[in-house]
Amino acid sequence: MDVLTQKRSKLQTLTWLGLPLVAVVGWWYPLLGFLLFGCMIGAVAVAFFRGRHWCDWMCPRGAFFDVILGKISPKSRIPSLFRHTGLRVFMIVIIFSVIGTQFYFHWGNAEQIGLALVRVLTVTTVIGILLGLIYHPRVWCHICPMGTLAHWLSEGKRPLTLQEGCAECGRCAAVCPMQLEPHQYRADGIVRDNDCIKCASCIAACPKKILVFADYDRKAA
Ligand code: SF4
Ligand code: SF4
């Protein structure tokens, strides 16, 4: 395990605890629901500079999917439906409509709004767990509204690059939690998929050590 993946593992063993803190303890202490805003803002803010980095390194639910759900998920192929833009937009509309409606009806009542946020987190996490038990731990991350917003903002932000010498062994694809295939971008030299969550698993797995995160402008110049 290289330094980056060691750091990531250590961080994820702590960050996943944020999920039960809000989705379980939040039912008794609803104000914890407001922590959800930290995660929502974080995912979008970080995307401006580092793409979907937040989804892997900081998101408690993403860490929970990797650290806990990953142990029992069959990790089968994620159906292409979950990558469909229409479904992703639909999820954004549904989730933000639910949150907006709750704000409208409970405006001025912080406990009720907090509880509504806890409820949204709990329901979506249950859906994510079910999808993980059926398919793959990171299915939810393809339809998570904040993940989709981050995806749209991620173009060219700290892309993964491939140098020459790919052995086409496919190990990078085998370890990718988002089921991307970095080696398929070898002609271009840049992994142009905004769903890369910058986990660095492929970098550690590559026997040729040709994968590296790079500044897009420097690479493109
Ligand atoms: S392409 Fe590499 S860095 Fe990006 S999500 Fe997949 S394994 Fe992680
Ligand atoms: S792990 Fe490295 S050498 Fe193997 S296919 Fe991926 S980029 Fe190529």
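Are there any pairs with C-beta distances below 6 angstrom linking a residue in segment 4-24 that is surrounded by fewer than 19 Cβ atoms within 10 Å (Cβ to Cβ) to a residue that is part of a loop (DSSP other than H, G, I, E, B), with the two at least 6 apart or on different chains, and if so which?
Leu4/Ala200; Thr5/Ala200
How many of the residues in segment 138-174 are more than 18 Å from Met91 (Cβ to Cβ) and not in a helix (DSSP H, G or I)?
To start, the set of residues in segment 138-174 that are more than 18 Å from Met91 (Cβ to Cβ) comprises 155-174.
Filter once more, so that each one left must be not in a helix (DSSP H, G or I): 155-170.
Number of matching residues: 16.
From the residues in segment 151-203 that are touching a residue at least 60 places away in the same chain (Cβ under 8 Å) and within 12 Å of ligand 2 (Cβ to nearest atom), which one is nearest to the chain's Cα centre (by Cα)?
Here the residue is Ser201.
Quick one: which of Leu160, Leu180 is under 25 Å from Gly42 (Cβ atoms), within 14 Å of ligand 1 (Cβ to nearest atom) and in contact with a strand residue (DSSP E or B) (Cβ under 7 Å, 6 or more places away or on another chain)? I'd like the intermediate steps shown before the answer.
Numbers: Leu180 fails: in contact with a strand residue (DSSP E or B) (Cβ under 7 Å, 6 or more places away or on another chain).
None of the others qualify; the one that does is Leu160.
Would you pick out the residues in segment 1-43 that are over 26 Å from Gly108 (Cα atoms), part of a helix (DSSP H, G or I) and of a type in the set (A, V, I, L, M, F, W, C)?
Hits for segment 1-43 are Val3, Leu4, Leu11, Leu14, Ala43.
Checking Tyr185 against (1) more than 25 Å from Arg61 (Cβ to Cβ); (2) surrounded by 18 or more Cβ atoms within 10 Å (Cβ to Cβ); (3) touching a helix residue (DSSP H, G or I) at 6+ places or on another chain (Cβ under 7 Å), which test does it fail?
That leaves (3) as the condition not met.
Can you say whether Arg218 is among the basic types (Lys, Arg), out of contact with any Ser or Thr (no Cβ under 9 Å at 6 or more places or on another chain) and modelled with pLDDT under 95, as far as the supplied structure shows?
yes
Look at Phe82 and say whether it is at pLDDT below 95, out of contact with any Gly (no Cβ under 9 Å at 6 or more places or on another chain) and assigned to a helix (DSSP H, G or I). Write out each step before concluding.
On the way: at pLDDT below 95: no; out of contact with any Gly (no Cβ under 9 Å at 6 or more places or on another chain): yes; assigned to a helix (DSSP H, G or I): yes.
When the stated conditions are applied, Phe82 does not pass them.
Go through the residues of segment 58-69 one by one and say whether even a single one is over 18 Å from Trp140 (Cβ atoms) and assigned to a helix (DSSP H, G or I).
no
Restrict the check to segment 122-133 and report whether at least one residue is outside any helix (DSSP H, G or I) and either surrounded by 22 or more Cβ atoms within 10 Å (Cβ to Cβ) or within 10 Å of ligand 2 (Cβ to nearest atom) (or both). Break it down stepwise before answering.
The initial filter retains those residues of segment 122-133 that are outside any helix (DSSP H, G or I), namely none.
There is no residue in segment 122-133 that is outside any helix (DSSP H, G or I) and either surrounded by 22 or more Cβ atoms within 10 Å (Cβ to Cβ) or within 10 Å of ligand 2 (Cβ to nearest atom) (or both).
Which ones in segment 176-211 are of a type in the set (A, V, I, L, M) and closer than 19 Å to Arg83 by Cβ? Please lay out each step first, then the result.
Step one: list which residues in segment 176-211 are of a type in the set (A, V, I, L, M), which gives 178, 180, 187, 190-191, 197, 200, 203-205, 210-211.
Of everything in segment 176-211, those that are of a type in the set (A, V, I, L, M) and closer than 19 Å to Arg83 by Cβ turn out to be Met178, Leu180, Val191, Ile197.
If I go through segment 44-57 residue by residue, how many of them are assigned to a helix (DSSP H, G or I), under 12 Å from the mean Cα position of the chain (by Cα) and not β-branched (Val, Ile, Thr)?
Residues flagged as assigned to a helix (DSSP H, G or I), under 12 Å from the mean Cα position of the chain (by Cα) and not β-branched (Val, Ile, Thr) within segment 44-57 amount to 6.
The values are calculated or read from the model by the stated rules, or taken from the named source; none is laboratory data. Source: prediction; values computed, not measured. Because the Cβ atoms are built from the backbone with ideal geometry, glycine has one as well, and the counts that use them run over all protein chains shown.
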